[in-house]
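Chemist: Mind having a look at this structure? Questions to follow.
The values are calculated or read from the model by the stated rules, or taken from the named source; none is laboratory data. Note that this is a predicted model, so its numbers are computed, not measured. Reconstructed Cβ throughout: ideal geometry from the backbone, glycine too, with neighbour counts over all protein chains shown. Remember, those area values only see protein heavy atoms, side chains included, never the ligands or the DNA or RNA. Shrake-Rupley method; radii C 1.70, N 1.55, O 1.52, S 1.80 Å.
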Amino acid sequence: MIGKLNHVAIATADLAEAVKVYREMLGAEVSAPLDLPRHGVTTVFVTLPNIKIELMAPLGDNSPIANFLARRPAGGMHHLCFEVDDITAARDRIIAAGGSALGDGKPTTGAHGKPVLFLHPKDFCGTLIELEEV
Ligand code: CO
């Protein structure tokens, strides 16, 4: 059911520093920052030949990545994003199989302007999963 790995997301407390590492040290193409107030993060995307890396930093007071960074001050891998054809069908299948979606389970608009939702890490080997409809 899941398709391509769309991106790997890395949380960082210092987005400017993370951009510098990817752009200057690693020589990668990095997008301009995008604030996503609804998701409580500011993101940039690093475009590699086979995949994107999402670098994200907290935005606002109740950022969902604040606790993550409190436990890992140096930052770290935050989620994997898999592409799906039909996000509602994918969610229903996962829930029927015993998995759980975060929040109310309704897709929201993600950083690419497409429907996304997140799945609970307890069901996926401790890894937060994002589904994106493409
Ligand atoms: Co993501």
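Chemist: Scanning segment 101-121 for residues that are assigned to a loop (DSSP other than H, G, I, E, B) and either in contact with a Lys or Arg (Cβ under 7 Å, 6 or more places away or on another chain) or open to solvent by less than 30 Å² (accessible area, probe 1.4 Å) (or both), which turns out farthest from the ligand (Cβ to nearest atom)? Break it down stepwise before answering.
Modeler: Quick first cut of segment 101-121, residues assigned to a loop (DSSP other than H, G, I, E, B) only: 102-107, 110-114, 120.
Then keep just the ones that are either in contact with a Lys or Arg (Cβ under 7 Å, 6 or more places away or on another chain) or open to solvent by less than 30 Å² (accessible area, probe 1.4 Å) (or both); that gives 105, 110-111.
On the way: 105: 17, 110: 6, 111: 6 Å.
Out of the qualifying residues, it is 105.
Table: residues versus (1) assigned to a strand (DSSP E or B); (2) surrounded by fewer than 19 Cβ atoms within 10 Å (Cβ to Cβ); (3) charged (D, E, K, R).
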site	(1), (2), (3)
6	yes, no, no
9	yes, no, no
18	no, no, no
46	yes, no, no
49	no, yes, no
67	no, yes, no
74	no, yes, no
78	yes, no, no
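Chemist: To continue, here is another question. Among the numbered conditions (1) among the acidic types (Asp, Glu); (2) closer than 17 Å to residue 40 by Cβ; (3) surrounded by 13 or more Cβ atoms within 10 Å (Cβ to Cβ), tell me where residue 133 comes up short.
Modeler: If we test residue 133 against (1) among the acidic types (Asp, Glu); (2) closer than 17 Å to residue 40 by Cβ; (3) surrounded by 13 or more Cβ atoms within 10 Å (Cβ to Cβ), just (2) comes out false.
Chemist: Condition check: at negative phi and at pLDDT 95 or above. Does residue 15 satisfy that? If you could, list the steps in order and put the result at the bottom.
Modeler: Working: at negative phi: yes; at pLDDT 95 or above: yes.
Criteria met by residue 15.
Chemist: Would you confirm, using the coordinates I've provided, whether residue 85 is open to solvent by 50 Å² or more (accessible area, probe 1.4 Å) and more than 25 Å from residue 32 (Cβ to Cβ)?
Modeler: Values: open to solvent by 50 Å² or more (accessible area, probe 1.4 Å): yes; more than 25 Å from residue 32 (Cβ to Cβ): yes.
Here the answer is yes, as residue 85 does meet what is asked.
Chemist: Could you give me the residue pairs with C-beta distances under 8 Å whose first residue belongs to segment 105-118 and is at pLDDT 95 or above, whose second residue is of a type in the set (Gly, Ala, Ser) and within 12 Å of the ligand (Cβ to nearest atom) wherever it lies, and which are 6+ apart or on separate chains?
Modeler: As it stands, the answer is 116/110, since those pairs meet every condition given.
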